[in-house]
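Student: Have a look at this one.
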Amino acid sequence: MKRLAVIGAGLMGGGIALDAARHGLDVLVFDQRPDGVDKLKARAAHVYGRWVKNGRLSQADADAALARLAPAATLSAIGAADVVIEAVFEDLAVKRALFTELEAHLAPSAILATNTSALKVGDLAQGFSFAPRVLGLHYFSPAEVSPLVEVVRSAATADATVEQALAFLEATRRTPLPCKDRPGFAINRFFCPYYNEATRIVEDGIAGPADVDQVAQERLGAAAGPFTVMNLIRPAVSAHAMTNLASLGPFYTTSRLLDAQAKTGADWPLEDRVAGADLDLVERRLLGALALPALELAAEQVAAPAAVDQGAVLALKFKEGPFALMHRYGAVAVEAAVGALCARDHHPVPAFAPVAAA
């Protein structure tokens, strides 16, 4: 495996490209914006320069990595790639239109990976002749730094495709998290409902964003509270990601407050508190919002619980993942927290509750 092609030179695609070049791969980058690849080269030079200063990279290696980033004038150039990763706009129609264009250019031995964070891989690949060579490689932001990549196989994905993808991730020193092709995959399956519940707590007047972030950090072991994280990834992006989980049941409905905040485009007011906020109730609701989807994904065998916990630590900087957290709180507390949310939303109670005490 020597050559990677990345389609989309934005935040995620650009991060994937510059990291792969650092690990010795020749990287072709296609972007519809006329200056997209030039901006990526400037970004890569800045990132590599920072790594040189902190000792992560020598100047010679930085120069060599920058030289390995090359523009692809047209999509036909990606025929030279062993692995193609698309990181275009998160929309099913947009991605399938790209797949249609790629059908004439993808090399017979190449695999096509989508960096989608929530769309089903099977829906993207359905009907294409190369569907067995399609899988999800979901990177986390910033893609050039975060070590975790969810490896998502659809019902049509061939074993050889997964093996080739794992070899690519090994070459670029990433930690794979194998997942089934379910909405939200493994990490967003519990992370999105967690921050969605945080907004419901504020909507209900129980606490302010500062109170919720405090509980998340001090009691649940989050590196940053949910409102701080939503400001980093943007409330509109947060709301869109949550919307993609709606098919999973009423608990996964986007809160009115999150939807409204997304439409304003404004940041959450991180300093706002509520006098006399019930921090114990905040804790129970956040715990339930992490545990409920984690129990469901375990029951559906989306991913191994130990791998999910590792992913939470690597990608989200949690001190412990949802299954370890459930073990710490114990079955009684977890079942009460989950049961309260299920009763409120008329959502089925997960049948996999014993994992909380395992």
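The values are calculated or read from the model by the stated rules, or taken from the named source; none is laboratory data. Just so you know, these numbers come straight off a predicted model, no measurement behind them. Note: ideal-geometry Cβ built from the backbone for every residue, glycine included; neighbour counts use all protein chains shown. Only protein heavy atoms, including side chains, enter the accessible area calculation; ligands, DNA and RNA are left aside. Shrake-Rupley method; radii C 1.70, N 1.55, O 1.52, S 1.80 Å.
Student: Residues that are in contact with a Ser or Thr (Cβ under 8 Å, 6 or more places away or on another chain) and more than 26 Å from residue 125 (Cα to Cα): find the strands (runs of 3 or more DSSP E) completely inside region 3-109 holding 1 or more of those. Reasoning before the result, please.
Tutor: Values: elements: 3-7, 26-30, 69-71, 83-86.
No strands (runs of 3 or more DSSP E) qualify here.
Student: If you don't mind, another one. Identify all residues within region 170-193 that are in contact (Cβ under 8 Å) with a residue 12 or more places away in the chain, part of a helix (DSSP H, G or I) and out of contact with any Phe, Trp or Tyr (no Cβ under 7 Å at 6 or more places or on another chain); write none if there are none.
Tutor: If the condition is that a residue be in contact (Cβ under 8 Å) with a residue 12 or more places away in the chain, part of a helix (DSSP H, G or I) and out of contact with any Phe, Trp or Tyr (no Cβ under 7 Å at 6 or more places or on another chain), then 171, 187, 188, 189, 190, 191, 192 are the ones that fit.
Student: Can you tell which of 333, 351, 275, 260 is out of contact with any strand residue (DSSP E or B) (no Cβ under 9 Å at 6 or more places or on another chain), at pLDDT 95 or above, open to solvent by 20 Å² or more (accessible area, probe 1.4 Å) and assigned to a loop (DSSP other than H, G, I, E, B)?
Tutor: 275
Student: Just checking, which of 257, 245, 220, 177 is closer than 30 Å to residue 25 by Cα and hydrophobic (A, V, I, L, M, F, W, C)?
Tutor: 177
Student: Can you pull out the residues in region 154-168 that are within 20 Å of the chain's Cα centre (by Cα), of a type in the set (A, V, I, L, M, F, W, C) and either surrounded by 17 or more Cβ atoms within 10 Å (Cβ to Cβ) or not in a helix (DSSP H, G or I) (or both)?
Tutor: Answer for region 154-168, where residues must be within 20 Å of the chain's Cα centre (by Cα), of a type in the set (A, V, I, L, M, F, W, C) and either surrounded by 17 or more Cβ atoms within 10 Å (Cβ to Cβ) or not in a helix (DSSP H, G or I) (or both): 162, 165, 168.
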